[in-house]
Amino acid sequence: LKTAGQELAVTASIGIAIFPDDAADAETLLQCADIALYRTKELGKNSHQFFAANMNRRAQERLNLQAELRQAMTAQEFIVYYQPQFDITDGRLIGLEALARWQSPNKGVVSAERFINLAEETGVIQELGKMVLTESCRQGREWQNAGLSPVRIAINISAVQLRRPDFNELVESVIHASGFPPEFLEFELTESVLIEPGPET
């Protein structure tokens, strides 16, 4: 496909539902096809999937998790863990990686691998990312005030967060409010930054 003299590659993700095996009415049939479409995208896009009953269960679990994530943000159930980074030559602590964890009253401590993709897709990552940044800068300043040697704190940033128009202003305001020295703050870009399209210009 060419447009404005530029060659473009077009791909398709397809979800398929069959009447009457999967559903007996048009509305439910479309819902089944949509569930199958999501499964196609989940498996890497540019392909197709036929609807299966277990997909419906997965979709419901996903909806439940999405609701739980939003409730968890409201209830302040997310906390920050700090993973130490050492210099292998002398064992010296040279940095910390700030990691979001969900301290669920029902599920226990849930690692980011379980919820971070859904948080990105639903927009919860914006609020979660702000919390991690704010808490990391506050804690870093508190450690320095207590007399501990300053170390670099690394925070993971996703493509969704980078697309936020006021991302730079957010970082500056958090640093200013906390008093944390910006030279000790580091951002680690997740893989999604490399594959997601950048902000429109």
- Query: In region 21-32, which residue that is free of Cβ contacts under 8 Å to residues at least 12 places away in the same chain and of a type in the set (A, V, I, L, M) is surrounded by the most Cβ atoms within 10 Å (Cβ to Cβ)?
  - Reply: Ala23
- If we scan region 180-200, do we find a residue that is modelled with pLDDT of 95 or more and either open to solvent by 80 Å² or more (accessible area, probe 1.4 Å) or touching a Leu at 6+ places or on another chain (Cβ under 8 Å) (or both)? yes
- Task: Tell me, yes or no, whether region 159-179 has at least one residue that is surrounded by fewer than 16 Cβ atoms within 10 Å (Cβ to Cβ), under 16 Å from Ile94 (Cβ atoms) and at pLDDT 95 or above.
- Result: no
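What number of residues in region 133-151 are open to solvent by 70 Å² or more (accessible area, probe 1.4 Å) and under 11 Å from Phe180 (Cα atoms)? Show your work before the answer.
Here is the first cut: in region 133-151, the ones open to solvent by 70 Å² or more (accessible area, probe 1.4 Å) are 138, 142-143, 145-146, 148-149.
Among the residues that remain, those that are also under 11 Å from Phe180 (Cα atoms) are: 138, 142-143, 145.
Of the residues in that region, 4 qualify.
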- Those residues that are under 30 Å from Gln103 (Cβ atoms), open to solvent by 60 Å² or more (accessible area, probe 1.4 Å) and touching a strand residue (DSSP E or B) at 6+ places or on another chain (Cβ under 8 Å), I need them from region 40-80; list them, please. Glu68
- Task: Being open to solvent by less than 80 Å² (accessible area, probe 1.4 Å), in a loop (DSSP other than H, G, I, E, B) and touching a residue at least 24 places away in the same chain (Cβ under 8 Å) narrows it down to one of Ile18, Ile35, so name that one.
- Result: Ile18
- Query: If Ala98 satisfies every condition in (1) of a type outside the set (Phe, Trp, Tyr); (2) assigned to a helix (DSSP H, G or I); (3) surrounded by 14 or more Cβ atoms within 10 Å (Cβ to Cβ) but one, which is the exception?
  - Reply: (2)
- Message: Quick check on my filter: what residues within region 1-15 are open to solvent by 70 Å² or more (accessible area, probe 1.4 Å) and either within 22 Å of Asn117 (Cα to Cα) or under 25 Å from the mean Cα position of the chain (by Cα) (or both)?
- Response: Thr11, Ile14
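The values are calculated or read from the model by the stated rules, or taken from the named source; none is laboratory data. Note that this is a predicted model, so its numbers are computed, not measured. Counting neighbours? That spans all protein chains shown, and the Cβs are built from the backbone with ideal geometry, glycine included. What goes into the accessible areas is simple: the full protein's heavy atoms, side chains included, and nothing from ligands, DNA or RNA. Shrake-Rupley method; radii C 1.70, N 1.55, O 1.52, S 1.80 Å.
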